[in-house]
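The next block holds one structure in the form of structure tokens; read it before the comments.
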Amino acid sequence: MNLMNHILEKFRNCPRCGSFRFEKNNEKSKLCADCGFCYYLNPSAAVAAFILNEKGELLATVRAKEPQKGTLDLPGGFVDCCETAEETVAREIKEELNLDAANIRYQFSLPNRYHYSGMDIPTLDMFFSCTVSDFSPLTVADDVAEARFIAIDKLNPAEFGLTSIREAIRQLKNQRF
């Protein structure tokens, strides 16, 4: 069963009128036979940041929570309503690492599946590069267990838990952005 059908099957009632006649419309939507409401399953927006120190080492984090608890990750998270992706990068870096991000620049995006509450949620992960002028306030918080700098040539994509992050690390190593 594909991802779209799996998640849409969880939604049994129309969110507008509550009807049980909320049925598959196509691969990415359900339609209410009573009120006509059509729900489209679109990916959730998320961001991740490449932050390099003066030695050219990447700042990686260790996930403190599931999914993939204990694996390497990049600073980042989900975009909140009424927030730009760039604002999300700055907010997440502040929340997770107590650092101030500057020169936030979009690099590329990758689709991903994020396992949450027993479901694989489709996400669109947007990757940004940014700078930090002062790493001295670095402290981990939120959903980060640890932060460390890793030389680019020592990065092992297999140590990163999320599929899109692994691919992003491969691209970073190959300098394809």
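The values are calculated or read from the model by the stated rules, or taken from the named source; none is laboratory data. Note that the coordinates shown come from a computational prediction; the quantities given were computed from them, not determined experimentally. Cβ: placed from backbone, ideal geometry, glycine included. Neighbour counts: every protein chain shown.
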Item to check | Failed item, numbered, when residue 64 is tested on (1) crowded, with 19+ Cβ neighbours inside 10 Å; (2) closer than 20 Å to residue 141 by Cβ | outcome: (1)
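Report yes if some residue within the stretch 121-138 is of a type in the set (D, E, K, R) and over 20 Å from residue 52 (Cα atoms); otherwise report no. Before the answer, list the steps.
First, the residues of the stretch 121-138 that are of a type in the set (D, E, K, R): 125, 134.
Narrowing the set further to residues that are over 20 Å from residue 52 (Cα atoms) leaves none.
For the stretch 121-138, residues of a type in the set (D, E, K, R) and over 20 Å from residue 52 (Cα atoms): absent.
Does residue 88 satisfy being closer than 16 Å to residue 124 by Cα, in the same structural domain as residue 152 (by TED's automatic domain parsing) and surrounded by fewer than 16 Cβ atoms within 10 Å (Cβ to Cβ)?
no
Among the residues of the stretch 126-163, which ones are of a type in the set (S, T, N, Q) and either in contact with a Phe, Trp or Tyr (Cβ under 7 Å, 6 or more places away or on another chain) or closer than 24 Å to residue 98 by Cα (or both)? If you could, list the steps in order and put the result at the bottom.
Within the stretch 126-163, the subset of a type in the set (S, T, N, Q) is 129, 131, 133, 136, 139, 156, 163.
Listed by number, the residues that qualify are 129, 131, 133, 136, 139.
For residue 103, state whether it is touching a residue at least 12 places away in the same chain (Cβ under 8 Å), polar (S, T, N, Q) and loosely packed, with under 14 Cβ neighbours inside 10 Å. So that I can check it myself, show each step before the final result.
Values: touching a residue at least 12 places away in the same chain (Cβ under 8 Å): yes; polar (S, T, N, Q): yes; loosely packed, with under 14 Cβ neighbours inside 10 Å: yes.
When the stated conditions are applied, residue 103 passes them.
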Item to check | Boolean, residue 105 is assigned to a strand (DSSP E or B), more than 21 Å from residue 162 (Cβ to Cβ) and under 18 Å from the mean Cα position of the chain (by Cα) | outcome: yes
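Tell me which residues, restricted to the stretch 67-76, are under 12 Å from residue 145 (Cβ atoms) and not small (Gly, Ala, Ser). Lay out the reasoning, then the answer.
Taking the stretch 67-76 as the starting set, the residues that turn out to be under 12 Å from residue 145 (Cβ atoms) are 68-73.
Within the stretch 67-76, 68, 69, 71, 72, 73 meet the criteria.
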Checklist entry - Which number in (1) modelled with pLDDT of 95 or more; (2) basic (Lys, Arg); (3) loosely packed, with under 12 Cβ neighbours inside 10 Å; (4) outside the structural domain of residue 131 (by TED's automatic domain parsing) marks the one condition that residue 55 misses? => result (4)
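Residue-wise test of (1) crowded, with 17+ Cβ neighbours inside 10 Å; (2) at pLDDT 95 or above; (3) not hydrophobic (A, V, I, L, M, F, W, C).
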residue	(1), (2), (3)
83	no, yes, yes
142	no, no, yes
156	no, yes, yes
166	yes, yes, yes
169	yes, yes, no
